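Student: Take a look at the following structure, please.
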Amino acid sequence: RKRDIDEYETLQKAVEELDLKADTKDFSKLPLSQPTSRGLDASHFKTLTDIQSKAIPLALKGRDILGAAKTGSGKTLSFIVPVLENLYRAKWTELDGLGALIISPTRELAIQIFEVLRKVGRYHTFSAGLVIGGKSLQEERERLGRMNILVCTPGRMLQHMDQTAAFEVDNLQMLVLDEADRIMDMGFQTSVDAIVEHLPKQRQTMLFSATQTKKVSDLARLSLRDPEYVAVHEAA
Ligand code: ADP
Ligand code: MG
């Protein structure tokens with residue numbers, strides 16, 4: 001037991017001392033838990049992409065993030081790694097309920113995120129689920145209460161928040177909005193606003209998009225606190 005406590009404390013200290021100017025390029029140089037390091041290794045992720053080396057250190061330190069980088073630049077790991085790590089350092093267990101909610105505009109993208117989460121998170125003990133419809137509300141509902149990390153689409157998530165009485169979000173630590181520009185383009189602003197209304201105010205929020213549009217900053221203003229703006233621009 002003593003050993004476990006030391007491990008968490010050492011990791012926490014390393015995150016606090018992590019130099020944001022260091023421009024870390026290797027996952028092995030980041031203060032990450034054994035389960036995440038092994039998951040990254042097993043998935044053959046070694047070097048961070050630009051958006052990852054900008055966003056992950058800040059996110060590990062608990063900062064709110066507004067991230068923009070084009071499609072294919074590796075935004076998924078930019079939030080998956082901090083979600084796993086920040087819950088791990090919080091010693092999150094099944095009993096703590098929902099710790100992180102990841103919102104995606106489409107079912108297909110949600111499934112892709114879920115697959116990355118399963119791959120990289122395979123050595124963690126968190127429970128993770130998809131809430132994207134396609135199954136009966138009842139079936140989804142039964143599994144919801146046991147989940148630590150959920151990947152969802154806005155409409156379906158809101159349906160559960162409105163209708164699933166026992167669905168607890170009071171402990172939630174992290175909210176991620178992926179493809180925030182598409183979430184807005186597809187007309188989900190009202191649903192996302194309503195979801196955010198249900199969530200605790202004290203939380204970490206990360207918002208990622210392929211573009212920096214006015215619409216995204218509207219969403220950001222509503223959900224982020226003193227965010228770090230992280231953008232990767234294409235070389236001219
Ligand atoms: P985005 O969400 O920005 O469009 P993704 O997160 O879907 O980008 O990543 C795009 C591709 O790059 C995926 O195939 C993913 O596996 C790969 N990728 C992401 N990060 C890394 C990395 N650090 N090293 C190698 N490949 C990566
Ligand atoms: Mg993506």
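Student: Any idea which of ILE195, SER43, HIS124 is furthest toward the positive side of the dipole for segment 2-231, if Lys and Arg beta-carbons carry +1 and Asp and Glu beta-carbons -1?
Tutor: SER43
Student: What's the magnitude of the charge dipole for segment 2-231 around its Cα centre, counting Lys and Arg as +1 and Asp and Glu as -1 at the beta-carbon? Answer in Debye, nearest 20.
Tutor: The calculation lands at about 380 debye.
Student: Classify the chain as rounded, prolate or oblate from the Cα gyration tensor: take a ≥ b ≥ c as the square roots of its eigenvalues, call it rounded if a/c is under 1.5, otherwise prolate when a/b beats b/c and oblate if not.
Tutor: Verdict is oblate for the chain.
Student: Sticking with this one: By the scheme Lys and Arg +1, Asp and Glu -1, what is the net charge of all other residues having a beta-carbon under 13 Å from that of THR164?
Tutor: Charge balance near THR164 sits at -1.
Student: Determine the distance separating the Cα centre of segment 90-127 from the Cα centre of segment 148-169; give it in Å without decimals.
Tutor: 14 Å
Student: Right, here's the next one. Explain nothing, just the number: relative contact order of the chain, from Cα pairs under 8 Å at least 6 residues apart, as a whole percent.
Tutor: 25 percent
Student: Which Cα, out of LEU144, SER53, LEU101, lies furthest along the positive dipole direction of segment 2-231 (beta carbon charges, K/R +1, D/E -1)?
Tutor: Comparing the listed Cα positions along the dipole, SER53 ranks first.
Student: If you don't mind, there's one more thing I want to ask. Which links in LYS54/LYS135; LYS54/LYS201; LYS61/LYS135; LYS70/LYS91 stretch past 32 Å when you go from one Cα to the other?
Tutor: In this structure, LYS54/LYS135; LYS61/LYS135; LYS70/LYS91 exceed 32 Å between Cα atoms.
Student: For segment 23-74, just say rounded, prolate or oblate: build the C-alpha gyration tensor, square-root its eigenvalues into a ≥ b ≥ c, call rounded for a/c under 1.5, and beyond that prolate if a/b exceeds b/c, oblate if not.
Tutor: oblate
Student: Hey, what number do you get for the chain at 222 nm if only DSSP H runs of n ≥ 4 count, each worth -39500 (n - 2.57), divided across all residues, to the nearest 500?
Tutor: For the chain, the value works out to -14000 deg cm²/dmol.
Only the coordinates and a few stated rules stand behind these numbers; no lab work does. Fair warning: this is a prediction, and the values are worked out from it, not measured in the lab. A quick note on method: Cβ atoms are made from the backbone with ideal geometry, for glycine too, and the neighbour counts reach across all protein chains shown.
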